[in-house]
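First the structure, in the form of structure tokens, and then the observations on it.
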Amino acid sequence: MERAVWHPSPNFGPRRDGLTPTLVVIHYTAMSDARAALDRLCDPGAEVSAHYLIGVDGKLWQMVDETMRAWHAGAGEWNGQDDINSRSIGIELDNTGAHPFSEPQMAALERLLSEILTRWEIAPTGVIGHSDMAPGRKCDPGPRFDWTRLARQGLARECRVGTAAPEIGTFRALAQSCGFTADVPEEALLEAIRLRLRPWALGPLERDDMAALAGFSSGS
Ligand SMILES: [Zn+2]
């Protein structure tokens, strides 16, 4: 792939406890454009960063070396593990959150993900959204992000929805088995799971949520 443009951020540190990346966390910037996002992600006063930023035109910037701990994930948990920053590589997509992701941007993301998963031997199940690990606190990459597209290429976990729908009473346990272990109210958990699996769904927890979660649980 084309080389990333190096745009160093001072906002990083060593990964703790000798951890190496086992996750990739996808974000959107919620900012007006890539320049504004770069400024913020490299501002020492903002104390935030990510390893990569991808512009709407597919341009790729790298701000933090992959071996280092960037500051993108914050408080949260995935698969029973916290300090997600020490365990992950963070990718920001230039998007306000109010419009679709462009084709060049998605194509660049796919190329980058493919390289990262190979380089660090990360399984597709390790590619998550910010909202997956911080339910109720974060909602990016949001309802317009095409997880199915990534999954079809082995760049995210598949959701193989079948006819089976476990009892609604098993919602929390099934969610936890998929990785959604953050200790949040059921409403926030459902919102995060729908962002990932059924972004168009509304209303209380229903049978189709359980079927989707079961399909996600069996995906690889
Ligand atoms: Zn985010």
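Could you please find all residues in segment 177-204 being open to solvent by 30 Å² or more (accessible area, probe 1.4 Å) and touching a Lys or Arg at 6+ places or on another chain (Cβ under 9 Å)? Once the filter is applied, which keeps residues that are open to solvent by 30 Å² or more (accessible area, probe 1.4 Å) and touching a Lys or Arg at 6+ places or on another chain (Cβ under 9 Å), segment 177-204 yields 186, 199, 200, 202.
Within segment 1-45, being of a type in the set (Lys, Arg) and open to solvent by 80 Å² or more (accessible area, probe 1.4 Å) holds for 3, 16, 35, 40. Within segment 141-176, the set of residues being within 17 Å of residue 205 (Cα to Cα) and open to solvent by less than 20 Å² (accessible area, probe 1.4 Å) comprises 171, 175. Residues considered: 88, 114, 49. Of these, the only one that is closer than 26 Å to residue 216 by Cβ and either in the same structural domain as residue 173 (by TED's automatic domain parsing) or within 14 Å of the ligand (Cβ to nearest atom) (or both) is 88.
Checked against (1) touching a Leu at 6+ places or on another chain (Cβ under 9 Å); (2) in a helix (DSSP H, G or I), residue 92 passes all but condition (2). Summed over segment 53-64, residues that are within 14 Å of the ligand (Cβ to nearest atom) and open to solvent by 10 Å² or more (accessible area, probe 1.4 Å) total 0. Checking each residue in segment 144-160 for being within 19 Å of residue 96 (Cα to Cα) and either within 10 Å of the ligand (Cβ to nearest atom) or more than 12 Å from the chain's Cα centre (by Cα) (or both) picks out only 144. Taking every residue in segment 173-185 that is assigned by TED's automatic domain parsing to the domain that holds residue 211 and pairing it with any residue that is open to solvent by less than 30 Å² (accessible area, probe 1.4 Å) and part of a helix (DSSP H, G or I), at least 6 positions away or on another chain, the pairs with Cβ-Cβ distances below 6 Å are 174/213; 175/189; 178/216. Number of residues in segment 65-75 that are open to solvent by 30 Å² or more (accessible area, probe 1.4 Å) and closer than 27 Å to residue 174 by Cβ: the value is 2.
Note on segment 118-136: among residues that are within 14 Å of the ligand (Cβ to nearest atom) and among the small types (Gly, Ala, Ser), the one that is surrounded by the fewest Cβ atoms within 10 Å (Cβ to Cβ) is 136. Sub-7 Å Cβ pairs linking a first residue in segment 1-26 that is under 23 Å from residue 138 (Cα atoms) to a second residue that is of a type in the set (S, T, N, Q) and part of a helix (DSSP H, G or I), at least 6 apart or interchain, are 15/86, ordered by first then second residue.
The values are calculated or read from the model by the stated rules, or taken from the named source; none is laboratory data. None of the values given here were measured: they were computed from a predicted structure. We place every Cβ from the backbone using ideal geometry, glycine too, and count neighbours over all the protein chains shown. These area figures cover heavy atoms from the full protein model, side chains too; ligands, DNA and RNA do not enter into them. Shrake-Rupley method; radii C 1.70, N 1.55, O 1.52, S 1.80 Å.
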